[in-house]
């Protein structure tokens, strides 16, 4: 049963999704239908959580808009997601950043930036 489910999911899983993790600031280019045409809207925010796997994997993006916190849950394998662009890498110690919900102002968007260092040869 599991094997059949995995084979079915392989057809629908997206392979071109960029590498991002919790704490990263991302631009999600999402297609929206208006009347009879499609347009792309960009949702920019911090990834505060990921859950699931395969075609059921989702991620939550949070941003502050006019002083109010706005969250949106996106399925990773959705055909409506055009692309995901990582603007800034974040360094966090938790899998879920739900504590950002209680923060206001600049504190709500502060996540330490991950600095990628190259390994030295000794």
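What to note about this one:
- Calculated volume of the Cα convex hull per residue in Å³ (choose from [x] 101; [y] 141; [z] 172), label: [z]
- In the chain, the DSSP-assigned H stretches of four residues or longer account for a calculated mean residue ellipticity at 222 nm of -2500 deg cm²/dmol, using -39500 (n - 2.57) per stretch and the full residue count as denominator.
A short reminder: the numbers here are calculations on the coordinates, not readings from a lab. None of the values given here were measured: they were computed from a predicted structure.
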